[in-house]
Every structure is written in C-alpha cells, then in structure tokens.
Amino acid sequence: MNIPETKTVSQKKPTKSKRLNIGSTRTCNCGPTHINCMTAKEWLKSQLGVWQFYYEKRDIRDKKLHPATFPISLARKVIELFSHKGELVLDPFVGSGTTLVAAKDSDRNAVGFDLQENYIDLCRNRLRQDSLLNNSKQVAIQDDAKMVSNYLDEETVSLIFTSPPYANLLNRKRKNKSRRDRKNEQLGKIEQYSQDPRDLGTMELENYTKAMGDIYEGLLPLLRPKAHCVINVPDMWWENQRITIHVSLIEELRKRGYELRNVIIWDRTNIVNRIGIFGWPSNYITMGVTFEYLLDFWRPPIKKK
C-alpha cells in the first residue's frame, strides 16, 4: 500500500546559513493569553506533579537502534501542554525522532537536530511510516546543537523539548549488581551514542554541564518570551556516589538566563520490569530506572523599561 505524500521533511546536510522555511504561528482559535489548546479537564490532569506514560507500537524500544528512548505519549503531553497547534517545537538532541513524531500527532511544526546520520535516517523512516495528514511540517537535520541558531529566527520557537545525552552515563560498561539476575544482554555492554568528541554522551559531568550551558544559552534567543524549555534527565549512581545531573543542569541554565518553573517526576514504575535487589542489606539506593526528572524552564518575560 502506498503511503500518502506528507509535508514531513528530512535534511541530512543542509546549508548552515540557510534559514528554514517552517511555520511558527498558531493555527488554532485559542485566546491570545492561552498557553495551549487544552480543555479545563485536560489542564487539571496536567497539574499533577507526577506523570506516568505507556509505550505504544510505534515507540522505539530496541537499544540497538537507540540506547535511550522515551514514549511518544510523554513528548506529546509536553508539546500539548506548552504550545498551540501550528507553533514551532525544537528538539536539539532529536535522537530517534520521538519528539518529531509527537509533534506530527499534535499538528505542531517541529525541527530536530542530531550529530549522527543514522539517527536522522531513523527519524526519517519513522515519519514516513506515519500516514497522518495535517498542515504541519517536521524537519530532521544532521548538525551540531550548537549550530541551531543558523537555521531559526529569534523568538520563533514556542517550546524546546528534549531528552539529551546523560553525560557519560551510557559511555561505560554495564555492571549488573542485581542479585536477581546477574546475566542479561546488557551486562558488560557500552550503549553510548557515539565516540564523537562533540557528543555530550562522552563527557564527565563538569564538562557536560558547561557544554549544555553553552548550547542552551545559544537557544535562549530563539524562544519567545515566556515560552517553555523542558529537559528530561535522570540522576545516576556511580562508584557508590549519586551523580545529580538534574541539579547541575538547573544551576547551569539559571546562570544562562532561564527561569526554573517546575520539576515534574516521570514515574516509570509502570514500565520497569525485573528490578533487582540493589544495595541490600547495607546500602540504601533508590533505583534510577524507576523515575526521571522533567525540568521545566521558561524564557523570562522581557521587562519593560
């Protein structure tokens, strides 16, 4: 069966100086002060500070394709909470393309960037498989997140949403210390995104935080005043120390001009299987795989002189 032609676009190596021809204005009939198209009932559910999501058939679960994915339903909820139909969503670390798929579902324009050609190809394939027809456009671009400002005009982005590389969390061999199952397919494997020196997934926390700060400082002018920026990250345990990635990012982005609005917990207990007994009986450790953080920032409103 032939898939209908859509306005989904993929660009592997675009000209860096060329501005994208992509929409960024509302196509809905919401009031001018509304921040989204939600009903009051939908808004009420979104005010809960702990969220759960489920995977669906279109989600990527194979770590051989991408080592760290999140559900389409998560991206869609964030997109629908912090933008209107027709507005522009940006994912500077688009990975497997989940943000673009969710934006298409929600009739938002979206652009995603990634260093790796294989991930851009994965984005393209996922979007092509979706026959949904609407008036929005989704663009996948192979380029460094530092170069995003070459493609977009200032104050055109209504939401930045991403799940970035988690410092060097995945760039090390898996050590399965679970007493339940010491042998599984992840034991001893390295699931890093790449060994490209530009890849944030190769960096220790201090360098990672600085690099993230530099990138997000460059993205700030692209956001409209009071537009939101949501970052999905976990913390991690390493060598019996808790590495607080979310704290480092909060402190860094505040220095770069962002204002923290909310911290939402993504409760993953409904999708986690076979949790081992870690730390028992002498060292209490909360399982990082059971929850992650959604850090909600915005660009502060411009003060009137």
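Applying the condition of being among the charged types (D, E, K, R) and loosely packed, with under 10 Cβ neighbours inside 10 Å to region 28-61 and asking which residue is farthest from ASP130 (Cα to Cα) yields LYS41. Considering the conditions (1) over 27 Å from VAL272 (Cα atoms); (2) touching a Ser or Thr at 6+ places or on another chain (Cβ under 8 Å), PHE93 is excluded by exactly one of them, (1).
Among the residues of region 95-119, those identified as crowded, with 24+ Cβ neighbours inside 10 Å and aliphatic (A, V, I, L, M) are LEU100, VAL101, ALA102, ALA103, ALA110, VAL111. Out of all the residues in region 142-156, is one or more over 20 Å from ARG299 (Cα atoms), modelled with pLDDT of 90 or more and aliphatic (A, V, I, L, M)? The answer is no, given that none of the residues of region 142-156 is over 20 Å from ARG299 (Cα atoms), modelled with pLDDT of 90 or more and aliphatic (A, V, I, L, M). Just give me the residues in region 217-248 being closer than 17 Å to PHE161 by Cα and touching a His at 6+ places or on another chain (Cβ under 7 Å), in sequence order. Selection gives VAL233 alone. Inside region 85-126, residues that are among the basic types (Lys, Arg) and closer than 14 Å to SER163 by Cα make up a count of 0. With respect to the conditions (1) outside any strand (DSSP E or B); (2) of a type in the set (Lys, Arg); (3) surrounded by 13 or more Cβ atoms within 10 Å (Cβ to Cβ), ARG224 lacks only one, and its number is (1). Checked against (1) in contact with a Gly (Cβ under 7 Å, 6 or more places away or on another chain); (2) without any contact (Cβ under 8 Å) to a residue 24 or more places away in the chain, TRP237 meets all criteria but (2). Tell me whether region 79-94 contains one or more residues that are farther than 30 Å from GLY31 by Cα, more than 17 Å from the chain's Cα centre (by Cα), touching a residue at least 24 places away in the same chain (Cβ under 8 Å) and surrounded by fewer than 24 Cβ atoms within 10 Å (Cβ to Cβ). No - not one qualifying residue is present in region 79-94.
Every condition in (1) touching a residue at least 40 places away in the same chain (Cβ under 8 Å); (2) of a type in the set (A, V, I, L, M, F, W, C); (3) part of a strand (DSSP E or B); (4) over 18 Å from LEU90 (Cβ atoms) is met by LEU295 except one, and the failing one is (4).
When you scan region 59-72, do you find a residue that is in a strand (DSSP E or B) and of a type in the set (Ser, Thr, Tyr), even just one? So far as region 59-72 goes, no, none of its residues is in a strand (DSSP E or B) and of a type in the set (Ser, Thr, Tyr). Could you tell me whether any residue of region 261-279 is under 27 Å from ILE120 (Cβ atoms), at pLDDT 85 or above, in contact with a strand residue (DSSP E or B) (Cβ under 6 Å, 6 or more places away or on another chain) and assigned to a strand (DSSP E or B)? Yes, region 261-279 contains at least one residue that is under 27 Å from ILE120 (Cβ atoms), at pLDDT 85 or above, in contact with a strand residue (DSSP E or B) (Cβ under 6 Å, 6 or more places away or on another chain) and assigned to a strand (DSSP E or B). Residues that are under 20 Å from LYS45 (Cα atoms) and not acidic (Asp, Glu) are absent from region 233-241 altogether. Looking at region 38-45, can you tell me whether even one residue there is without any contact (Cβ under 8 Å) to a residue 12 or more places away in the chain, assigned to a loop (DSSP other than H, G, I, E, B) and of a type in the set (S, T, N, Q)? Yes, region 38-45 contains at least one residue that is without any contact (Cβ under 8 Å) to a residue 12 or more places away in the chain, assigned to a loop (DSSP other than H, G, I, E, B) and of a type in the set (S, T, N, Q).
The values are calculated or read from the model by the stated rules, or taken from the named source; none is laboratory data. These numbers come from a predicted model, not from an experiment. As a convention, Cβ positions derive from the backbone with ideal geometry for all residues, glycine included, and neighbour counts pool all protein chains shown.
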